[in-house]
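Rule-based calculations on the coordinates, nothing more; no lab input. Worth saying up front: this structure is predicted, and the values here are computed from it rather than measured. Cβ atoms come from the backbone with ideal geometry, glycine included; neighbour counts cover every protein chain shown.
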Amino acid sequence: MQINTPDAISKFQILKNVFGFDDFRPGQEQVIDALLAGRHALAVMPTGAGKSFCFQVPALMRDGLTIVVSPLVALMQDQVAALKLAGVAADSINSAKDRSENVKIWHRAADGKLKILYLAPERLMTDRMLSALGNLNIGLIAIDEAHCISQWGPAFRPEYEMLGELRTRFPGVAIAALTATADEVTRADIVDKLFDGDVESTVLGFDRPNIRLTVEMKRDWKRQMLMTVKSHAGDCGIVYCLSRKKTEEAATFLCENGVRALPYHAGMSADDRDAHQNLFMTEPGVVIVATIAFGMGIDKSDVRFVFHADLPGSVEAYYQEIGRAGRDGAPADAHMLYGLADMRMRRVFIEEEDSGPDRKRREHQRLDALLGYCEAPECRRRTLLDYFGETSEPCGNCDLCLNPTDRINGTEDAQMLLMVIRQTGELYGAAHIIDVVRGTKTEKALKARHDQLPTFGQGSSRKVQEWRSIIRQLVAVGFLKIDIEGYGGLKITDKGNALKNGQEIFQYREGTVKRAPAKSEKSKPIDDGDPLTEPQTDLLGKLKQLRLGLAKNRNVPAYVIFPDRSLIDMARRQPRDQTEFAQVNGVGAAKLRDFAEPFLKIINEAGA
């Protein structure tokens, strides 16, 4: 599809004719309008909010080639496949293709036959590629998963940090940065490194109220996992494990207990991974047991639960992974286990990473924030949203709201900690504050003369682990905050000052988190119309089988043909001809041409 100027066709015509949708989702128009006006744009939108449309629509309206920077080969291949099925001239140059194929794709881009070209940052940020692109008409640059600029660090993928050069390499070209997970520090990093402060930011709300949040201490992880999975009998779900070995072990255990579970990790062949992904997308009741290799770009609406058998690496990682549940708006569960071994392993991962002290310090602080979420004394969702800079009332849909644990009045202990933090200048992290309050004469404490403080040693009766938990809970409920951008110092908030002055009380919890009561009935969609009838559900199964066959013939993931949302709309509408089929969500001109006939045949046979 060749469209040369913003005036040639409207964004609404592109949305309908190419992608098959009538309306933009919240936030999309704001980002699109900024890019069409030539302004840089940062879009922070929840998983499933349609970030890709934010650059794909202006890419088809602007003159020239759009470059999309994507971190994973599989992700870019899936997005390219989806664009091609929509009739868009898109392709990718990547390491999974042989040199001759990449050369042919480059010539198509250079000859103006492509509108969108996907590249990994390592391929883009070479002098040779940048020089070659400098000779082309570049209309737009989009950086997907932009949080990697801040969070992956210069040691892991240094080219992500180098993307800041694009602004000066391609002056006058609008740049879009898109991500689902970015706390305030990460957003500031992106704005500084990529845009030098000159950017229009769109940050949507992070709340996913339909997802019930539960955290438990790890005791017997297999039994705990099985309880959660069995409570969702017949549902699709994702179980995340830290290692490939544990992924295989968990999948085998679930299969032995009557669950249709499939492993998914980077150690498997690409064919096996694709086969398992397609079964997950198409068959009912399939549970994928995966490392974090699974999930990016997956458009499956009816994932009813996400279970973390191990502690994720950060709040951002956790938020992104649970965001794969309940994308249809129906109730879903996010259940996480954590234990001391998880904490130690995560600390080891950070220390063994080939990165500088500044990066390691930030990652330890992010891990501390996640542990604070795990140990939150009240509403878990409030703690989660507070991390991303949002305020919330108690949600009534987390384990702590549904089944509150016993809490202890810790106001005096908290006031003692706040006094130490204030007396030491709000410059030090938890370790030093605990040393002071317990009266440990470390070199740092003696050098700073903190052993002379009146509070030195006042909390010696408590163990280090107890004080750490109390500090994490003080952070979790907003009495303290961690200066992640600085050196991890504990800062007293306005709410903390009120506590220090006796105007607030602090209650904390000891021991483990109790499990929330199981659901008494199956989840039902709440935002896509009435539940499907039995005949409609049968038809949906047949449509999914057809989709799987078409996907296999084209060697693409099933959801690239049509997302679940489109098939559900088909089952509900039951269009009888091409005119009616064109009204289905997600049916643009190319998909109407290529897929109307086989899907209409199934629908008409079912209704005969």
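Quick notes on this structure:
- Taking a span of 24 Å or more along the helix axis (Cα atoms) and a mean Kyte-Doolittle hydropathy of at least -0.5 as the rule, the DSSP H helices of the chain that qualify are 589-607.
- A simple charge model with +1 on the Cβ of Lys and Arg, -1 on the Cβ of Asp and Glu and nothing else charged puts the dipole of region 534-607 at about 240 debye relative to its Cα centre.
- Relative contact order (%) - the chain, alpha-carbon pairs under 8 angstrom, separation at least six: 15 percent
- Going from the fewest other Cβ atoms within 10 Å to the most, the residues Asp569, Asp358 appear in the order Asp358, Asp569.
- Under Karplus coefficients 6.51, -1.76 and 1.60, residue-wise ³J(HN,Hα) of region 490-495 in Hz, glycine/proline x: 7, 10, 8, 7, 4, 5
- Those lysines that a straight Cα-Cα span of less than 29 Å connects to Lys222, excepting residues fewer than 8 apart in one chain: Lys230, Lys245, Lys246, Lys300, Lys514, Lys519, Lys522, Lys524
- Per-residue [θ]222 nm for the chain (sum of -39500 (n - 2.57) over DSSP H runs n ≥ 4, rounded to 500): -13500 deg cm²/dmol
- Computed on region 19-60, the Cα convex hull volume stands at 69 Å³ per residue.
- The convex hull of the Cα atoms of region 165-234, projected and averaged over all directions, covers 8.4 nm².
- Cα centroid separation - region 439-471 against region 529-608, whole Å: 65 Å
- Amide H partners (placed H, <5 Å) of Phe305, local residues excluded: Ile238, Asp333
- Peptides 312-322, 270-280 ranked from most to least packed, by the mean per-residue count of other Cβ atoms within 10 Å: 312-322, 270-280.
- Counting DSSP beta bridges with both ends in the chain, the antiparallel % (nearest 5): 10 percent
- Note on region 534-607: Rg/Rh from C-alpha atoms, Kirkwood Rh, equals 0.92.
- The packing ranking, built from the mean of other Cβ atoms within 10 Å per residue, places the peptides 228-237, 343-352, 69-78 in the order 69-78, 228-237, 343-352, highest first.
- Neighbour-count ranking [beta-carbon atoms within 10 angstrom, fewest first] of Asp22, Asp538: Asp22, Asp538
- Calculated SAXS-style log₁₀ I(q)/I(0) at q = 0.13, 0.25 Å⁻¹ - region 80-154, Debye, Cα scatterers: -0.43, -1.40
- Globularity index of the chain, i.e. its alpha-carbon radius of gyration over 2.2 N^0.38 Å: 1.02
- Coarse-grained scattering of region 11-203 at q = 0.11 Å⁻¹, given as base-10 log I(q)/I(0) from a Debye sum over alpha-carbon atoms: -0.44
- Overall form of region 211-402 per C-alpha gyration tensor (a/c, 1.5; a/b vs b/c): oblate
- Relative contact order of region 11-203, defined on C-alpha pairs under 8 angstrom at six or more residues apart (%): 31 percent
- Normalised alpha carbon radius of gyration of region 408-508 [divisor 2.2 N^0.38 Å]: 0.98
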